[in-house]
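One structure is given below, encoded as structure tokens.
The values are calculated or read from the model by the stated rules, or taken from the named source; none is laboratory data. Just so you know, these numbers come straight off a predicted model, no measurement behind them. Here the Cβ is made from the backbone with ideal geometry for all residues, glycine too, and neighbour counts use every protein chain on show. Heavy atoms of the whole protein, side chains included, go into the accessibility calculation; ligands, DNA and RNA do not. Shrake-Rupley method; radii C 1.70, N 1.55, O 1.52, S 1.80 Å.
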Amino acid sequence: MSFISSDGFLYYYNLTKDADCQTLYSSLSTFQFLESIDEKKATYRYANDKWSIKQVVGHITDHERIKISRAFLLSRREIVQLWGYDQNSLVENSRFEELSFQHLVRDFKNVRKGSISFLDGLSRSQLTIKGMANEFEVTLDGFLKSIVGHEMHHVDIIKKRYF
């Protein structure tokens, strides 16, 4: 069953279907799509109270940066709650609107390269380590998949509501 929990974990996880982490993180489809968006379109908001495409891309990058650092702690068997964060506060206190869209996409690519480097160093047994993501017990593998599921969710929104 796919639904959005308080942090979206199950919904995002379910978007990844049965793909393995390496395949999910190595996919270039999001970057190819984002690189087709010009600077003017990147400032577009489909409603006054919604984020611009620049802000959405910055948010996706922030999300991956935050969640990968938590995944790192879990992979080392640190007892951590894989807690949420205030996405609106992070976007409001960012410079996403001032930065070029090209810069934001390049930053996202750099964060992804770091994520892939982290994944490359994990063993199969590390992917089975369990932790808590709000009310759900999750494996490291599932937690990592939910990060890309979050990206997939926002890219789908951009495609459906911004174009």
What angle do you read, to the nearest 10 degrees and between 0 and 90, between the alpha-carbon axis of helix 101-120 and the longest principal axis of the chain? 10 degrees
Distance from the Cα centre of region 112-163 to that of region 9-78, in angstrom? 9 Å
Would you mind estimating how fast region 69-163 diffuses translationally, via Stokes-Einstein at 10 °C and 1.306 mPa s with the Kirkwood radius over Cα pairs, in µm²/s? 104 µm²/s
Work the Kirkwood hydrodynamic radius out for the chain: mean of 1/r over every pair of different alpha-carbon atoms, inverted, in Å. 16.3 Å
Estimated 222 nm signal from helices in the chain, with DSSP H stretches of n ≥ 4 weighted -39500 (n - 2.57), rounded to 500: -18000 deg cm²/dmol
Whenever you get a sec, compute what percent of the accessible area on the chain sits on carbon and sulfur atoms (1.4 Å probe). 51 percent
Surface per residue (accessible, 1.4 Å probe) for the chain, Å²: 55 Å²
Please list log₁₀ I(q)/I(0) at q = 0.11, 0.19, 0.24, 0.27 Å⁻¹ for region 1-75, using the Debye equation with identical point scatterers on the alpha-carbon positions. -0.39, -1.11, -1.30, -1.29
With angles folded into 0 to 90 degrees, how steeply does helix 53-75 sit against the dominant principal axis of the chain? Use alpha carbons for both and round to 10. 10 degrees
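When the expected Rg is taken as 2.2 N^0.38 Å, what fraction or multiple of it is the alpha-carbon Rg of region 84-125?
1.57
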The size of the Cβ-based charge dipole (Lys, Arg +1; Asp, Glu -1) of the chain about the Cα centre, to the nearest 20 debye, is 260 debye
Compute the angle between helix 140-161 and the longest alpha-carbon principal axis of the chain, please, reported from 0 to 90 degrees and rounded to the nearest 10. 20 degrees
